[in-house]
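Note sheet for the following structure.
The values are calculated or read from the model by the stated rules, or taken from the named source; none is laboratory data. Keep in mind that what you see is a predicted model, and the values were worked out from it rather than measured. Don't worry about glycine lacking a Cβ; one is built from the backbone with ideal geometry, like all the others, and counts go over all protein chains shown.
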Amino acid sequence: MDYYGFWQMLLEEISAAPKNGERRIVTFNDARQYAGALSQWKTLKAKRPGLRKVQISPLIRAFFVPAAGIGRLMNRFADVLYIEEDIRIQIHAAPGEKSGTAMMPWGVKAIHAPQAWSRSTGVHVKIGVIDTGADYRHPDLRHSLASGVNLLHRGMLPLDDNGHGTHIAGTLAAAGGTRGMMGVAPRALLYPVKAFDHSGSAYVSDIVLGIDWCVQNRIDIINMSFGMKTRSKALHDVVIKAYRAGIAIVASSGNDGKRGGDYPARYPETIAVGAVDKRHRVASFSNRGPYIDVYGPGESIPSCWLREGYKEMSGTSMATSHVTGAAALLLGLRPGLTPRELKLLLRRSSSPVLLRKGQRRASLGGGAADALRLLRAGARAKRGSSANV
């Protein structure tokens, strides 16, 4: 393959492309050809500033490039490349009401997290939160946040300019004590991965880079409270890589109130989450179906917000953070669990959800998350595996 010609052609098109134009994900089918293109890129980018706009994911052998020039690339290198659109993804939450305090939110109590804290608080568990960032000044999150990464502005802290990521972080691991809010796993350590902008929007390539970062930094579990309607080969590839690296991904199913749901939750390598309301029924807005692994509290959830505040929000985003938190409690006790084992334990330990009129249990998928039952199931499974040795 002519690697110099590949980058020269792309550089010509990048120079003529609009500043904020569309992007594409270029994946090499052969690892050796990717290595050759990567080596040439590293050599050229020092002399050709335009090539610095290109980002890479070694995990899936991909380059993220402006859409301009892709037609010419395909004509010349169609036999060695796979090219897909870099699609926009949205967070899974609806705007809520400002609230004065959160204290012990109903969802944290509903999954029996406080009763589980005598066994595990999630200590030493590293949670990657791919979202809008986090409010590092919030008193309830001060001891829960690690540095993370800002994919939109490299070198800067992943500060939240939307609020969604801070809300997720609060449910996961707030540790405000008696004066503030308590999350599901208050001793877990959160690594915010800022991939979403102030409007709650990101590209697939940002998510790929976020998962890539989590794998490189040996994160234990990833919370992904967002989704899109269409499949992405690049996103699925990187999810598979994380799964094989032993990192569980917990993903929200979406808020369309339909059977079916969004990606990446529909990929079999993720733990797909739906939402229940305060009456322990599947929330009216939640997607549902046999592919749902577990449901979590998602209606009117109070949690941390920007400027040291609190806010109620609804969505499968909120449900996902409850499930990730419960999983972190289990990983605190059993750090060697594989993503598959974690998913099976979440499903087996869930409690039945109440049916709405006309619903059939088989059409809903899994049951509702219960942190205490999960820890007990994990302990039983450990004893069983020890007995078999």
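Here is a check on your reading of the model: is residue 187 out of contact with any Lys or Arg (no Cβ under 9 Å at 6 or more places or on another chain) and either assigned by TED's automatic domain parsing to the domain that holds residue 322 or surrounded by 18 or more Cβ atoms within 10 Å (Cβ to Cβ) (or both)?
Yes; evaluated as a whole, the condition is true for this residue.
Which residues, taken from region 23-72, are basic (Lys, Arg) and within 17 Å of residue 1 (Cα to Cα)?
32, 42, 61, 72
List the pairs whose first member sits in region 152-175 and is closer than 15 Å to residue 213 by Cα, whose second member is assigned to a loop (DSSP other than H, G, I, E, B), and whose Cβ atoms are under 6 Å apart, counting only residues at least 6 apart or on separate chains?
Matching pairs, first to second residue: 158/133; 158/148.
For region 304-327, name all the residues that are in contact with a His (Cβ under 8 Å, 6 or more places away or on another chain) and closer than 13 Å to residue 95 by Cα.
Scanning region 304-327 gives 305, 311, 313, 315, 316, 317, 318.
Could you tell me whether region 213-226 includes any residue that is surrounded by 24 or more Cβ atoms within 10 Å (Cβ to Cβ) and within 18 Å of residue 62 (Cα to Cα)?
For region 213-226, residues surrounded by 24 or more Cβ atoms within 10 Å (Cβ to Cβ) and within 18 Å of residue 62 (Cα to Cα): present.
Determine which single condition residue 240 fails, assuming it passes every other condition in (1) in a loop (DSSP other than H, G, I, E, B); (2) surrounded by fewer than 23 Cβ atoms within 10 Å (Cβ to Cβ).
Unmet for residue 240, out of (1) in a loop (DSSP other than H, G, I, E, B); (2) surrounded by fewer than 23 Cβ atoms within 10 Å (Cβ to Cβ): (1).
Do we have residue 145 as of a type in the set (A, V, I, L, M, F, W, C), surrounded by 24 or more Cβ atoms within 10 Å (Cβ to Cβ), closer than 23 Å to residue 326 by Cα and out of contact with any Lys or Arg (no Cβ under 8 Å at 6 or more places or on another chain) here?
No.
Residue 245: among the small types (Gly, Ala, Ser) and crowded, with 18+ Cβ neighbours inside 10 Å, yes or no?
No.
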